[in-house]
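A quick write-up on the structure given underneath.
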Amino acid sequence: FIHADSYRLATDRAVAGDWLHLEPQRLFENALVTASKDTIEKAAAKVASAIRAKALGEPASREAAARGEKTIGSTTLAKSAIEEAGGASAGVSNKSQVTETAAWRSFFGSLLRSDQQRAVEAILAFIAKHYGLADLIWLDRIDGRLENTAAFGRMKDRKVRLGISSDDPRLAEALREGRPLELSERRDNEVDATRSMHLFPVAVDGQIIAAIAVLGPIDREEVKKQISRIGRSVAPQLEILRLRREVERRETLSNAVRSVAQSLRDIDEGNFWLSLTQTSAELIGAERSSLLIYDGPSDMLQIRAIIGARGTIDPNEEPGVRVSRIVFGRNEPAVIADVTRTGLEPAPPERKYKTNSFLSCPITLSGRHLGVMNFTDRASAEPFDEASLELFQAIEPQLAVAIDRALLKERAGQFEQLSVTDPLTGLLNRRYIEERLMEEVKRSNRHGFPMSFMMLDVDHFKSYNDEFGHPAGDVALKMVGHVIRETLRAADVAARFGGEEFSILLPQTTAEEAAMIAERIRHNVEYADFPHRKVTITIGVASCSAELCSSPNIISAADKALYDAKRSGRNRVKLYEESLSQVNR
């Protein structure tokens, strides 16, 4: 490529899917940017010559051999840059110049075999070694500012932020003139030359993408020119590395999105929350993860899933109060390299975290805050970083949609439950018991299973209401419902049939077993501690038989047994079979 913009356009097309049959990393691994079209034409001529020679079975071009040009491609294309930076050492002996040029040629040729971070660190080390400089900083353009991303010497692991923007006119002028921008610290209105900085712009197509900062004085003008030339020479290479990294980054994010989409399709709904958290943790590379979902009624975050937890969680502690609640409230992620430097309260020792780094991310959908996902103990043992956050943010929209869908299902189930639940007693209602009864009747007829049904009525309930008031009557009905629920087996289904009437479905239960259960309920109600006076119930029981096993008939039979029991004096249990035998007699 002659211009970095052309390379950038090509990478964008690759990411957009223009060449899906080619891997982006391989497609661009040998790309170079040269300032001269002539260089490309010469290389193309050599390639054509080599192809012709191969087709004819002849050795490589004699002309190329005569010139000693044994290689093409990156070496040829890089030649002009090497000569500019390494061979422009005016005032240096021929022997030193040859040595310097050879060193630069070797170093320059290795740049594209590295990644961007290692490349800039190597550039700083090369400059420091060859020009006897102690402290250097590499500054990248980030949000329009120059911020250090690599350093050599005493500046390693120190954060420097200059009060200068990448489009500062002084930097542009320094770039045009091929010299550094010299900055000095001012103390007591005097310039301190010992605390100076030389800023060498690094630009691609006239746009400053970075700068090399040398701390301290540089005595020789030739050294300044050399470093300026190095900045110009490496800029296209670094832009290629940056764009190559961008291609790889987008490919990684794209693969992550596809992976999560597939995982969401395969998730077992019965284990949804755990599977969702496990999938996310594996993608982020975390050994431990938790998912907390916001519950509106309680105004709290509720733990839905935990992966890799060690120790126990205090049931009395509000979930997420230490970090997640803050992240949720601010709707801002937290990428923490070392929690001990944040001022946050330390995690309880019993949680046994292996590292001090964590990632905590809010999950939102259309402005609605759904919850928070946390990651700790990165499998690589390295701190979580911006790349970890970017990876999560790439999959977060899919997670949010899946979570919202699951919550909607839960709410739909709750609404459905409310629609078939009696609001006073908490038991099911008549609509539900009638539908369920039809299912059990069909099952009993198909498989020959026994099945019984009860109708219950609170004795003298009207007088109870008249004497103590309707609120007291509601309390009495609640208590009756509670006794019924506590007395029944897990498979039995109780409902409020209407008013002071209740019904109970007993699957796979014979008449004799049903009579025993009914007597137990009657006894428990009679001896329950009601607030105003003793309350009793009367129960009628009917069971499936060859003549009786249909839904309307069994309800009618149980109701008939109930009224027979009431006529017999109330506070008792009566089977339909007994009523039938009495009529026959």
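The values are calculated or read from the model by the stated rules, or taken from the named source; none is laboratory data. Just so you know, these numbers come straight off a predicted model, no measurement behind them. We place every Cβ from the backbone using ideal geometry, glycine too, and count neighbours over all the protein chains shown. Remember, those area values only see protein heavy atoms, side chains included, never the ligands or the DNA or RNA. Shrake-Rupley method; radii C 1.70, N 1.55, O 1.52, S 1.80 Å.
Odds and ends about this structure:
- Binned Cα-Cα distances of the range 435-585, short to long, each 10 Å bin given as a whole percent: 12, 43, 32, 12, 2
- Three-way shape call for the range 109-151 based on the alpha-carbon gyration tensor, with the a/c threshold at 1.5: oblate
- Listed cross-link partners 409/462; 37/225; 42/129; 534/574; 409/442 are compared with a 31 Å cut-off, the Cα-Cα value being larger for 409/462; 42/129.
- FRET efficiency, residue 347 to residue 478 (Cβ-Cβ, R0 35 Å, nearest 0.05): 0.20
- Once the C-beta distance of residue 19 and residue 205 is scaled by a Förster radius of 25 Å, the resulting FRET efficiency is 0.55 to the nearest 0.05.
- Top positive-direction residue, dipole computed over the range 494-538 with Cβ charges, set 514, 530, 503: 530
- Segment residue 446-residue 519, extension gain: residue separation times 0.36 nm, minus the distance between their alpha carbons: 23.3 nm
- Overall Cα dimensions of the range 409-488, principal axis frame, Å, largest first: 49, 34, 20
- Peptides ranked, highest mean first, by Cβ atoms within 10 Å: ranges 234-243, 503-512, 218-227: 234-243, 503-512, 218-227
- The stretch between residue 364 and residue 128, if pulled fully straight at 0.36 nm per residue, gains 80.1 nm over its current Cα-Cα span.
- Calculated P(r) tail over 28 Å for the range 236-385, as whole % of Cα pairs: 25
- In Å², nearest 10: area of residue 411 left accessible to a 1.4 Å probe: 90
- The range 180-287 shape via C-alpha gyration tensor axes, a/c threshold 1.5: prolate
- Positive-end ranking of 372, 384, 360 along the dipole of the range 360-410, with charges on Cβ about the Cα centre, is headed by 372.
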